[in-house]
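Before any comments, here is the structure.
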Amino acid sequence: MNEMNRFLMAARAISAAPSADNSQPCRIERVGDEIEVSYRPHEGKDPFGVAGHGTLISVGAAAENLAQMCGLTTVVWRREMDGAPYFRARIPAAPLPGDLSHPLFARYTNRFPFTTPAPEADLLGVLGAMTEGSARLHLAVGAPSFASLASAARVCCHARFCTRELHEWLMGSLRFGEEEVARGDGLDIRTVNLPPGGGLFMRFIQDWSRMALLNKMHIYRIMAQAEIQSLTNASMILSVVGSGATQDIPDAGRLMERAWIELNRRGWAVHPYYVIADQQTRLLNGRLASSPWELRVREAVDGVSAHLGLRQGERLHIMLRVGKPTRMPVRSLRLPLAKVFGDADGV
């Protein structure tokens, strides 16, 4: 493998990282023998921004992919997390795989129904031992252990479906038809578990005024119930928890990605659930001030913190719904590498 191909493979690993609604917030640049990852502004609405929680979770996942691809033990982070850049890493001179055979490229999101066998004892041991910085995994195994998380998720889903900003973010990320999907960003509508006619319904409610009208008839409750039924259709729910300090959030993203890759490698399907963590972030940032959902979201988040046994300064970062796949989903594409990768040396 020649020098430039080595950096291209490193960039492909970074670009394969998951992100909120496939927003792909990472800009990748080669500088000498290093890779730097900076913020890539999102076209259209971006409820997270350069130092937002959702962005930094994705940046952490990108760092984990790079570390796994290149066998890195050191990634140098900027404490400010201002996206200029987030981190840099020296790419070793040793050859990298010349194809996409690494398990990180087989990682995928599955939003469809699962079968729910009990997880193997050795898998539970592997997951239970995973940590990154302050981040660790909390394992809820079997339906009886899901009730508290599902109850909090229901409240947060209600708030989410009643929030114009989040509605317009999701609707702006959906991709209908081959031409839109081929752009390589956002969510291919085929990746979403919708009932017959669901795609037409999603098109209908793209306009917030229609969604707001339907919410007066409690459509948000029906949509939330569908989300909760999906969440509890699982063998286990993994909660990534740890320090809520801004500079520590990427650690949670790294741990999430490590567990996700391992689960997919072992034949388990994974579906990320961000709604509780997202509403908690909005609560902490004052985005729910004066909202009719503020008190209910606060109670839900406090209940989750107690259920997970979180310490002072800790928070939930994301949940992963895990089970055995009943179908292999369509995978959302990624932007062409030329749109996210640059070479400062002009090689």
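Whenever a residue of segment 88-114 is closer than 19 Å to Glu64 by Cβ, its partners that are of a type in the set (Ser, Thr, Tyr) and open to solvent by less than 60 Å² (accessible area, probe 1.4 Å), lying with C-beta atoms within less than 7 angstrom and at least six residues away or across chains, give the pairs Thr109/Thr191. How about segment 162-197: which of its residues are acidic (Asp, Glu), assigned to a helix (DSSP H, G or I) and within 24 Å of Pro336 (Cβ to Cβ)? Result: Glu178, Glu179, Glu180. Does Met211 fit the bill of being crowded, with 17+ Cβ neighbours inside 10 Å, more than 23 Å from the chain's Cα centre (by Cα), among the aliphatic types (A, V, I, L, M) and farther than 23 Å from Trp260 by Cβ? Against the criterion (crowded, with 17+ Cβ neighbours inside 10 Å, more than 23 Å from the chain's Cα centre (by Cα), among the aliphatic types (A, V, I, L, M) and farther than 23 Å from Trp260 by Cβ), Met211 qualifies. The single condition from (1) modelled with pLDDT of 95 or more; (2) within 21 Å of the chain's Cα centre (by Cα); (3) open to solvent by 30 Å² or more (accessible area, probe 1.4 Å) that Met328 fails is (1).
A quick yes/no check of all residues on (1) touching a strand residue (DSSP E or B) at 6+ places or on another chain (Cβ under 7 Å); (2) part of a loop (DSSP other than H, G, I, E, B); (3) modelled with pLDDT of 95 or more; (4) open to solvent by 20 Å² or more (accessible area, probe 1.4 Å):
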position	(1), (2), (3), (4)
Ala93	no, yes, no, yes
Asp99	no, yes, no, yes
Leu104	no, no, yes, no
Arg111	yes, yes, yes, yes
Ala118	no, yes, yes, yes
His138	yes, no, yes, yes
Ser148	no, no, yes, yes
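Checking each residue in segment 28-52 for being of a type outside the set (Asp, Glu), in contact (Cβ under 8 Å) with a residue 60 or more places away in the chain and within 30 Å of Pro92 (Cα to Cα) picks out Ile28, Arg30, Val31, Gly32, Arg40, Ala51.
Each row is one residue, and each column tells you yes or no for (1) aromatic (Phe, Trp, Tyr); (2) farther than 24 Å from Gly184 by Cβ; (3) buried (at least 17 other Cβ atoms within 10 Å of the Cβ).
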position: Gly286; (1), (2), (3): no, yes, no
position: Ala289; (1), (2), (3): no, yes, no
position: Gly303; (1), (2), (3): no, yes, no
position: Ala306; (1), (2), (3): no, yes, no
position: Leu320; (1), (2), (3): no, yes, yes
position: Ser332; (1), (2), (3): no, no, yes
position: Lys339; (1), (2), (3): no, no, no
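Looking across segment 224-241, the residues that are touching a residue at least 60 places away in the same chain (Cβ under 8 Å) and not hydroxyl-bearing (Ser, Thr, Tyr) come down to Ala224, Gln225, Glu227, Ile228, Leu231, Asn233, Ala234, Met236, Ile237, Leu238, Val240, Val241.
Among the residues of segment 255-274, some residue qualifies, meaning at least one is under 24 Å from Pro117 (Cβ atoms) and out of contact with any helix residue (DSSP H, G or I) (no Cβ under 9 Å at 6 or more places or on another chain). Among the residues of segment 190-200, those identified as open to solvent by 50 Å² or more (accessible area, probe 1.4 Å) and touching a residue at least 12 places away in the same chain (Cβ under 8 Å) are Arg190, Asn193. Leu187: open to solvent by less than 20 Å² (accessible area, probe 1.4 Å), within 30 Å of Ala11 (Cα to Cα) and in contact (Cβ under 8 Å) with a residue 12 or more places away in the chain, yes or no? When the stated conditions are applied, Leu187 passes them. Checking every residue in segment 208-223 against the condition of being touching a residue at least 60 places away in the same chain (Cβ under 8 Å) and more than 23 Å from Glu294 (Cβ to Cβ) gives zero matches. Which of the following residues is within 30 Å of Leu166 (Cβ to Cβ), aliphatic (A, V, I, L, M) and open to solvent by less than 20 Å² (accessible area, probe 1.4 Å): Met69, Met81, Met9? The unique qualifying residue is Met81. If only residues of segment 259-284 that are among the charged types (D, E, K, R) and surrounded by 22 or more Cβ atoms within 10 Å (Cβ to Cβ) are counted, the one that is nearest to the chain's Cα centre (by Cα) is Asp278.
The values are calculated or read from the model by the stated rules, or taken from the named source; none is laboratory data. For clarity, every value in this text was computed on a predicted model and none was experimentally measured. Glycine gets a Cβ as well: all are built from the backbone with ideal geometry, and neighbour counts include every protein chain shown. Accessible surface areas use protein heavy atoms only, side chains included; no ligands, DNA or RNA. Shrake-Rupley method; radii C 1.70, N 1.55, O 1.52, S 1.80 Å.
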